[in-house]
Every structure is written in structure tokens, then in C-alpha cells.
Amino acid sequence: MGLAVKKEVLLIVIALFALFLIGDYLNPTGQAASRGEYYCHDTDGESTIIKGTVTYNIGVERSESDFCLEEGKAGSMVHEFWCDGYDMKEINVLCAHTQKCIDGRCVAISDLEVRNYNY
């Protein structure tokens, strides 16, 4: 093989290796990301109608579960945890006016409760 071909092969190998190294860090789905000891996994995939738990490790393993800010109130909020690559993120999400937060998730409320809430 000529010197130019060897350089091309070496550059391709280096590029593939670099993609392999950073590939695990890029995770646009919000689901499980892992590389060695570092990982983040969300059981509900950012859903507010399912109570989820995020387990993550960036040197020390931790878990956080979704919870209600105002349990059982129409139009209440759920504190949602999710994964962004290896990072755990969190946000308060308002349940729809036809839902209330119970046990870390937004659930539909009955027609009677909706009428009482709207008047």
C-alpha cells in the first residue's frame, strides 16, 4: 500500500473510533443512554400520564420519581423527570383542565368533577 492510502485508512479508523466514543453520549430519545458506568434511564419516556422513575449514574447512582405538586386538584401539576443523554432533567408540567395529578401522573377526572371545576 502506498503512503497516501495508509493515511486515508488511518483517518477513517480514527474517525470511526471518534464516532464510537461520542456516539453513546448522544441520545435524542430521552430514553436509556449508557456508556460504561455512566447512564440515564427513564421508565415513562417523558409521559405525564404514566408515573416514571429516572435512574442515572454520573459517578454515583441516583433515582428520582415523578410526583404531584398539588395532589388530586383539577388542573394540578406533575413534577416530571426525564433523561437528556446522561443528564437527568426535570420540569413542572400542568395537567390538562380535565385531569388531576394523582401519585405522580395526570389522570382524567369524572364528568361531574369537570363540570364543578368549570363553574
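Readers should treat all values here as calculations from the given coordinates under stated rules, not as data from a laboratory. Note that this is a predicted model, so its numbers are computed, not measured. Quick reminder, even Gly has a Cβ in these numbers, built from the backbone with ideal geometry, and neighbours come from all protein chains shown.
Where residues in the stretch 59-73 are out of contact with any Cys (no Cβ under 8 Å at 6 or more places or on another chain) and not basic (Lys, Arg), which of them is farthest from residue 108 (Cα to Cα)? Don't jump to the end; show me each part of the working.
As a first pass, look at the stretch 59-73 and keep what is out of contact with any Cys (no Cβ under 8 Å at 6 or more places or on another chain): 59-67.
Within this subset, residues satisfying the condition of being not basic (Lys, Arg) are 59-61, 63-67.
Details: 59: 39, 60: 37, 61: 34, 63: 27, 64: 24, 65: 20, 66: 17, 67: 16 Å.
Looking at residues that are out of contact with any Cys (no Cβ under 8 Å at 6 or more places or on another chain) and not basic (Lys, Arg), I get 59.
Tell me which residues, restricted to the stretch 69-92, are within 14 Å of residue 51 (Cα to Cα) and part of a loop (DSSP other than H, G, I, E, B).
Within the stretch 69-92, 69, 71 meet the criteria.
Looking only at residues that are of a type in the set (Val, Ile, Thr) and closer than 25 Å to residue 40 by Cα in the stretch 88-101, which one is surrounded by the most Cβ atoms within 10 Å (Cβ to Cβ)? Don't jump to the end; show me each part of the working.
Of the stretch 88-101, the ones of a type in the set (Val, Ile, Thr) are 91, 93, 98.
Now narrow it down to the ones that are closer than 25 Å to residue 40 by Cα: 91, 93.
Details: 91: 11, 93: 15.
Selected residue: 93.
If I go through the stretch 39-61 residue by residue, how many of them are touching a strand residue (DSSP E or B) at 6+ places or on another chain (Cβ under 6 Å), assigned to a strand (DSSP E or B) and more than 16 Å from residue 79 (Cα to Cα)?
Within the stretch 39-61, residues that are touching a strand residue (DSSP E or B) at 6+ places or on another chain (Cβ under 6 Å), assigned to a strand (DSSP E or B) and more than 16 Å from residue 79 (Cα to Cα) number 5.
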